[in-house]
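In what follows, a structure is listed as structure tokens, so that the remarks can point back to it.
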Amino acid sequence: MLKTILSVSGRSGLFKMVSQGKGLTIIESLVEKKRIPVYPARDKVIALGDISVYTNEAEVPLYEILNRVKAKENGQPVTLELVNGKPDTLRAYMAEVFPEFDRSRVYPTDIKHILSWYNLRLSVGLTEVDPKMEEAEKVETEESVEPKEESKKIPKTAKAATAKKASVTAKSVTAKPSVGKTTQRTRQK
């Protein structure tokens, strides 16, 4: 679920990816349900599933941090003041939730983002999902779907030949006889 939830630089809130093209991604705001085009060449777009938090030993995926915040808050929104929160209070809160985080590489703005994302996800009714459980559900649904009967397939060469015949017949119907060539042949005889 976190792979389809996006954060876009310069835009507040979280977004759901609707469709993706070569140079354009269409996203939908989770709160307002408004669709917006985003250009990845210009805007920095990142999925929440790709975000990790630095620790002293390794990096921890964001879903683990969000699950720990959920456990601490008992599924309720974070009551800490995020807009004008002092860096010391934000770090103290993060230390309560996740004591292993690297205090030199995780900035207070990062903590604000994590906590605001948690609150936004709760406000729209999204619960935290472990990616491993998500993959298991995907495998179960693929196994339960019965394979469809193979439809009649036309070989590519047959398709090309049919298309060629159609174009030839269309040309012969619409083509006018060339007058100049017949008169030249009759003159030569």
Within region 10-45, how many residues turn out to be within 24 Å of K112 (Cβ to Cβ) and loosely packed, with under 12 Cβ neighbours inside 10 Å? 5
Could you please let me know if K34 is within 12 Å of I111 (Cα to Cα) and basic (K, R)? no
Which of the residues spanning region 82-110 are more than 20 Å from S123 (Cβ to Cβ), open to solvent by less than 30 Å² (accessible area, probe 1.4 Å) and not hydrophobic (A, V, I, L, M, F, W, C)? D102, P108
Pairs please, first residue from region 47-63 and over 12 Å from V106 (Cβ atoms), second anywhere and of a type outside the set (S, T, N, Q) and exposed (fewer than 14 other Cβ atoms within 10 Å of the Cβ), Cβ atoms under 6 Å, 6+ apart in sequence or on different chains. A47/K3; G49/K3
Is it true that some residue in region 63-75 is of a type in the set (V, I, T) and farther than 16 Å from K112 by Cβ? no
How many residues are open to solvent by less than 70 Å² (accessible area, probe 1.4 Å) and either among the charged types (D, E, K, R) or closer than 18 Å to P108 by Cβ (or both) when one looks only at region 71-81? 3
Mind checking which residues of region 14-25 are outside any loop (DSSP other than H, G, I, E, B) and either closer than 19 Å to S123 by Cα or among the hydrophobic types (A, V, I, L, M, F, W, C) (or both)? F15, K16, M17, V18
Which count do you get for residues in region 94-124 that are among the basic types (K, R) and under 20 Å from L6 (Cα atoms)? 2
Which residue is nearest to L66 (Cα to Cα), if the candidates are limited to region 1-21 and must be modelled with pLDDT of 85 or more and of a type in the set (K, R)? K16
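Check whether at least one residue in region 132-153 is over 29 Å from the mean Cα position of the chain (by Cα), at pLDDT below 65 and among the acidic types (D, E), and report yes or no.
Within region 132-153 (the criterion being over 29 Å from the mean Cα position of the chain (by Cα), at pLDDT below 65 and among the acidic types (D, E)), the answer is yes, since at least one residue qualifies.
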Surrounded by fewer than 16 Cβ atoms within 10 Å (Cβ to Cβ) and not charged (D, E, K, R), is that true of S7? no
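The values are calculated or read from the model by the stated rules, or taken from the named source; none is laboratory data. Nothing here was measured: the structure is a model prediction, and the numbers come from that model. In this analysis, Cβ positions are derived from the backbone assuming ideal geometry, glycine residues included, and neighbour counts consider all displayed protein chains. The accessibility values were calculated without ligands, DNA or RNA, using every heavy atom of the protein model including side chains. Shrake-Rupley method; radii C 1.70, N 1.55, O 1.52, S 1.80 Å.
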